[in-house]
Amino acid sequence: MEIATSLLKNIARKYGTPTYVYDLDRIKHQYQLFCEAFPWPTLRVCYAMKANYNHSILTTLKNLGAGIDAVSPGDLHMALSCGFNPSDIIYTANNITDAEMDEVMAEGVLMNIDSLSRLERYAKKYPNTPVCLRFNPGVVDGEHDKIKTGGDLTKFGILLEDVDKVKTIICNNGLKVTGLHEHTGSGLIKPDSILTAMERIMSIATRKNFPDLTFLDFGGGFKVPYGPDETQVDYKQMGIRIMERFSRFTRTYGRQLGIWFEPGKYLTAQAGQLLVKVNTIKHNRNRTICGTDSGFPQLIRPMFYDAHHTIKNISNPKGKPFVYDICGNICETGDLFAKDRSLPEIRENDILSIKDAGAYCYAMGGTYNLRPMPGEVIVENQKASLSRKRLTSRQLIDLIRRESFDITDADD
Ligand SMILES: Cc1ncc(COP(=O)(O)O)c(C=O)c1O
């Protein structure tokens, strides 16, 4: 069930704008759908917390039994502080330092290593320990070039053809490879990409003997519909094919293995929205500009990925439609949430809801132009509560003032 418009208006009134609103019931529903689509006895859903690290969302997913895909020390410590056990977390960072590796190992978290060079350093420092290996599946897919992570043009993963070099490092240092991993991209468009990538990882597992293997991790990338022409992929149907193929693989392999996935978008994107207030309507010859109190640093997907986000005028849903450029308050021409968008008449002080903003929106945010990030409100059982307060501009300045930091104390 959608959050009622009256509740959204109350949230805007009570907590001000811009404010992110997250529907925890929707996240629970998405998690349940995901588990139903992949009914494997040892399925592990490691939520890609890079999508949204809000603590209420993390806690909700933890209570449902999810694990975590973490990609930075910040992710790691946030997950631990929300009660995830180290054994629930896989650490899949890219281009890390030795200090970062040591920090992860000190917490007892499984490292997912994505280069030969890092594997060598890891092996020297931590011989005879369990490790996961991230391979580049050589499959190119994703809903935008910037989020395709497989294939020759990306920086991720160990090349499949380097598996013999991997074996040498493993054997020389007694490493226990407990997992093999791949992540093809975000918002996979081609229906068979995930199956092709799986084939390649399963083939390595079959051809090269990794006696300590306990799971294969096929990453995230499960699409949600953003634009009006996009439909929801039938993951139940796809799950049947994936489960059938994986079960055939484990029979040939000779023993049961866990199947892991790392969905981000699928769990949270549709559960979030950003409420913004219109403060300016401007007619620039043949364009009507609708100025709002947020901007691209607070929701960057339209500017960064040319992403479409549905926008609703919740103050005047039945108004006569007009065409608008929905803009932010940042000093950049590209600061647009939508261009040439037909919406019910927008008036100054109307509240707009920017939909599907639960993944890679707040989490990719910043404070460019020194505007503090929006607050975050959660809704559960149609009841709203504040999850994180918006900083005032003065509080933001207190945080970033140069003399607040002693660089010699910085821990990374
Ligand atoms: C390693 C890894 N796993 C999982 C994900 C989650 O992807 P998505 O949010 O598209 O499911 C990402 C994001 O691109 C990723 O880099």
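Rule-based calculations on the coordinates, nothing more; no lab input. Just so it is clear, the model here is predicted, and its values are computed rather than measured. Neighbour counts are summed over all protein chains in view; Cβ atoms, including those assigned to glycine, are modelled from backbone coordinates with ideal geometry.
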> What is the magnitude of the charge dipole of the chain about its Cα centre, with +1 placed on the Cβ of each Lys and Arg, -1 on the Cβ of each Asp and Glu, and no other charges, expressed in debye to the nearest 20?
Replying inline: 920 debye
> What is the Cα centroid distance between the stretch 27-58 and the stretch 84-154, reported in whole angstrom?
Replying inline: 20 Å
> Got a sec? Charge dipole of the chain, +1 on Cβ for Lys and Arg, -1 for Asp and Glu; which of 374, 97, 342 is way out at the positive end?
Replying inline: 342
>> Can you tell me the mean projection area, over all orientations, of the convex hull of the chain's alpha carbons? Units nm², please.
In response: 21.2 nm²
> Taking +1 at the Cβ of each Lys and Arg and -1 at the Cβ of each Asp and Glu, which of 178, 48, 213 sits farthest along the dipole of the chain towards its positive end, judged by Cα position relative to the Cα centre?
Replying inline: 48
>> I need the shape label for the stretch 134-258. Rule: rounded when a/c is under 1.5, else prolate if a/b > b/c, else oblate, with a, b, c from the alpha carbon gyration tensor.
In response: oblate
>> I'd like the antiparallel share, as a percent to the nearest 5, of DSSP beta bridges with both residues in the stretch 270-399.
In response: 90 percent
> How about residue 282: which lysines have a C-alpha closer than 20 Å to its C-alpha, ignoring those fewer than 8 places off in the same chain?
Replying inline: 312, 320, 339
> Taking only the alpha-carbon positions of the stretch 270-399 and ignoring solvent, what does the Debye formula give for the base-10 log of I(q)/I(0) at q = 0.11, 0.17, 0.19 Å⁻¹?
Replying inline: -0.38, -0.92, -1.13
> Which value, in debye to the nearest 20, describes the size of the charge dipole of the stretch 252-378 about its Cα centre when Lys and Arg Cβ atoms bear +1, Asp and Glu Cβ atoms bear -1, and nothing else is charged?
Replying inline: 280 debye
> So what is the calculated 222 nm ellipticity per residue for the chain, using -39500 (n - 2.57) for each DSSP H run with n of 4 or more, over all residues, to the nearest 500 deg cm²/dmol?
Replying inline: -9000 deg cm²/dmol
> Within a Cβ distance under 13 Å of residue 108, other residues only, what is the Lys/Arg minus Asp/Glu net charge?
Replying inline: -4
> To the nearest 20 debye, what is the magnitude of the charge dipole of the stretch 24-265 about its Cα centre, counting +1 on the Cβ of each Lys and Arg and -1 on the Cβ of each Asp and Glu?
Replying inline: 580 debye
>> Quick check: from the Cα gyration tensor, does the stretch 1-79 come out rounded (a/c under 1.5), prolate or oblate?
In response: oblate
> What's the local net charge at residue 189, with K and R +1, D and E -1, over the other residues with C-beta under 9 Å away?
Replying inline: 0
